[in-house]
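Quick notes on the structure that follows.
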Amino acid sequence: MAKKQRKTSLLTVVKETSYKERYAEGKALRDKCPRQSHARWNAAKNRREAVEMVLASEHGRLPKLLPLRHGRMVRSAFTFYRGSALAMAADLATTPSTGIRVQCCGDAHLCNFGGFATPERKIIFSVNDLDETLPAPWEWDVKRLAASFVVACRDNGISDSAGKDIAATCVRSYRESMAEFSQLKTLELWYYAMEPASLAGMDDPDIRKRVMKRIAQEQAKSRGEELFPKLVEHKGDIPLIKDILPTIFHDELNPPGTVSKIVESSLRAYRDTLPPSYRSLLDRYTIYDAAVKVVGIGSVGTSCWVLLLMARENDPLFLQVKEARASVLEPYAGASAFSNHGERVVNGYRLMQSASDMFLGWTRGKTRDFFVRQLRDVKIGPRVETFGKYELGLYAQWCGKALALSHARSGTPTLLSGYMGNGDAFDRAIAAFSVDYADQNERDHAALDRAVRSGKVPAEFEVDQ
């Protein structure tokens, strides 16, 4: 079939290609990169030691927080996996690839997906942690996500045979959803959002009841009248952020009630990255306090702040200012197109999510880049430790579809669908890889555990763990 005439869009000159032609292009990539080739995981002979990679990922972090990071990572093979995105990025770069690139999450494990509120206050499900986002081979996200289910299954005492099936379920959901998205018109795809009623398993009355109850709980927690007294105390009439060790605390640079000039100037620079309408909204608030916040597992040791702003009495806004470092994918996928890594992260959110926080913006300190968003704005993370085989199977379907939607928004879904096809060859290959990589993860975790026990790597353990 002859190509259609070249046409000029507003931004680029493009060559129109039919659905069948694009699908065939994707299918032809199987010759270059057979789907079965993804099943193999063999560590490179020159692969760096696991502990060395953990320590390498900490360059430039706050030294006093690193023992806490080690303590969180060493708790289990699952917590290690969550903190070892850099090590897996290096490993994924050695695996087969079709050469197709999309906007990748960069750290697509199952705990980095969840529900959150849109500016219109609807709840949608999507990838919700994009610190490492960067254009990169699409297979890397799929493999990290699928393997995380095998690792989580082992952590919950679920057999490898079940874990492998759940990983395959995740990939099947991704593949089938990508085929669905490839049929949508461009605007239909960008308007598409995964609302609770559309999630797999919501026809099960018990699942629906549990999901809706959790949504209601998180919506209540995020209301100002609920969140304010939990995070704030008063010194006279002045509201201040509570010190909640070891997660939130003031330091010598910012004692309670004192906002450093660095924070103030960074906030002004952040304001300039917002659309004019949201600048007007932000201007209704006055900053009262700033405190250090320790976040997650992989991010521990990065510079992060929580800011308290007030419009009037009992009318707060909490912002989180989080350091944005170079993506773990950069050494293998190329440098970011953005000079500020905060802007890189914000661009990733806007590309990969159907709707994003209206306070999302970026700024720069003296030596570090940051991105800014609301704190705890109805974020609904999975309680993976409570999931059995059935719940993990459902959740795998949700995550697979959410990742497909995020990739389809920035990539070419027809090309990806053509490559994966209608059968389960790709699903089975990634599932096999996932089991093998879960073994690698356990070996790496064991190496860190030995280093902590010997005193080579300092670790701090929280009392409630």
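The values are calculated or read from the model by the stated rules, or taken from the named source; none is laboratory data. Remember, predicted model here, so these are calculated numbers, not experimental data. Virtual Cβ from ideal backbone geometry, glycine too; neighbours counted across all protein chains shown.
Does ARG40 fit the bill of being among the charged types (D, E, K, R), surrounded by 17 or more Cβ atoms within 10 Å (Cβ to Cβ) and either at pLDDT below 95 or assigned by TED's automatic domain parsing to the domain that holds GLY298 (or both)? I'd like the intermediate steps shown before the answer.
Working: among the charged types (D, E, K, R): yes; surrounded by 17 or more Cβ atoms within 10 Å (Cβ to Cβ): no; either at pLDDT below 95 or assigned by TED's automatic domain parsing to the domain that holds GLY298 (or both): yes.
It is false that ARG40 is among the charged types (D, E, K, R), surrounded by 17 or more Cβ atoms within 10 Å (Cβ to Cβ) and either at pLDDT below 95 or assigned by TED's automatic domain parsing to the domain that holds GLY298 (or both).
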Query raised in the report: In segment 328-351, which residues are surrounded by fewer than 21 Cβ atoms within 10 Å (Cβ to Cβ), aliphatic (A, V, I, L, M) and either over 16 Å from ALA85 (Cα atoms) or in contact with an Asp or Glu (Cβ under 6 Å, 6 or more places away or on another chain) (or both)?
Result: ALA335, ALA337, LEU351
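Any chance segment 364-371 includes a residue that's crowded, with 18+ Cβ neighbours inside 10 Å and either polar (S, T, N, Q) or in a helix (DSSP H, G or I) (or both)? Walk me through how you get there before you give the answer.
At the first step, the residues of segment 364-371 found to be crowded, with 18+ Cβ neighbours inside 10 Å are 364, 369-371.
Restricting the remaining residues to those that are either polar (S, T, N, Q) or in a helix (DSSP H, G or I) (or both) gives none.
Scanning segment 364-371 turns up no residue that is crowded, with 18+ Cβ neighbours inside 10 Å and either polar (S, T, N, Q) or in a helix (DSSP H, G or I) (or both).
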Requested in this report: Scan segment 328-363 residue by residue and report those that are under 10 Å from THR133 (Cα atoms), out of contact with any Lys or Arg (no Cβ under 7 Å at 6 or more places or on another chain) and in a loop (DSSP other than H, G, I, E, B).
Outcome: VAL328, LEU329
Report task. With the checklist (1) surrounded by fewer than 22 Cβ atoms within 10 Å (Cβ to Cβ); (2) within 30 Å of ASP204 (Cα to Cα); (3) within 23 Å of the chain's Cα centre (by Cα) in hand, flag the one item GLY400 doesn't pass. Result -> (1)
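Given the structure, is ALA291 surrounded by fewer than 20 Cβ atoms within 10 Å (Cβ to Cβ), out of contact with any Cys (no Cβ under 7 Å at 6 or more places or on another chain) and not polar (S, T, N, Q)? Show your work before the answer.
Working: surrounded by fewer than 20 Cβ atoms within 10 Å (Cβ to Cβ): no; out of contact with any Cys (no Cβ under 7 Å at 6 or more places or on another chain): yes; not polar (S, T, N, Q): yes.
For ALA291, the condition - surrounded by fewer than 20 Cβ atoms within 10 Å (Cβ to Cβ), out of contact with any Cys (no Cβ under 7 Å at 6 or more places or on another chain) and not polar (S, T, N, Q) - is not met.
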Query raised in the report: How about segment 423-465: which of its residues are charged (D, E, K, R) and more than 28 Å from SER37 (Cβ to Cβ)?
Result: ASP449, ARG450, ARG453, LYS456, GLU460, GLU462, ASP464
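Can you confirm whether ALA446 is surrounded by 24 or more Cβ atoms within 10 Å (Cβ to Cβ), small (Gly, Ala, Ser) and assigned by TED's automatic domain parsing to the domain that holds ARG208?
On the way: surrounded by 24 or more Cβ atoms within 10 Å (Cβ to Cβ): no; small (Gly, Ala, Ser): yes; assigned by TED's automatic domain parsing to the domain that holds ARG208: yes.
Taking the combined requirement at face value, the residue does not satisfy it.
Quick one: which of ASP251, ASP243, ASP237 is closer than 19 Å to LEU375 by Cβ and at pLDDT below 85? Don't jump to the end; show me each part of the working.
Values: ASP243 fails: at pLDDT below 85; ASP237 fails: closer than 19 Å to LEU375 by Cβ.
It is ASP251.
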Query raised in the report: Just checking, how many residues over segment 301-317 are out of contact with any strand residue (DSSP E or B) (no Cβ under 6 Å at 6 or more places or on another chain) and either of a type in the set (Phe, Trp, Tyr) or buried (at least 19 other Cβ atoms within 10 Å of the Cβ) (or both)?
Result: 1
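Could you pull out every one of the helices (runs of 4 or more DSSP H) wholly within segment 382-455 that has 3 or more residues that are closer than 24 Å to VAL51 by Cβ? Before the answer, list the steps.
Details: elements: 389-410, 413-420, 425-454.
So the answer is 425-454.
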Requested in this report: Looking for whichever is over 18 Å from the mean Cα position of the chain (by Cα), on the phi < 0 side of the Ramachandran plot and either touching a residue at least 12 places away in the same chain (Cβ under 8 Å) or not assigned by TED's automatic domain parsing to the domain that holds ALA404 (or both) here; the options are THR118, THR98. Which one fits?
Outcome: THR98
Requested in this report: Identify, by number, the condition in (1) modelled with pLDDT of 85 or more; (2) under 20 Å from LYS322 (Cβ atoms); (3) loosely packed, with under 14 Cβ neighbours inside 10 Å that ASP206 doesn't meet.
Outcome: (2)
Query raised in the report: When you scan segment 22-96 for helices (runs of 4 or more DSSP H) that lie fully inside it, which ones turn up with 1 or more residues that are polar (S, T, N, Q)?
Result: 77-83
Query raised in the report: If we keep just the residues of segment 124-149 that are in a strand (DSSP E or B) and either assigned by TED's automatic domain parsing to the domain that holds MET352 or of a type outside the set (Val, Ile, Thr) (or both), which is nearest to LEU403 (Cα to Cα)?
Result: SER126
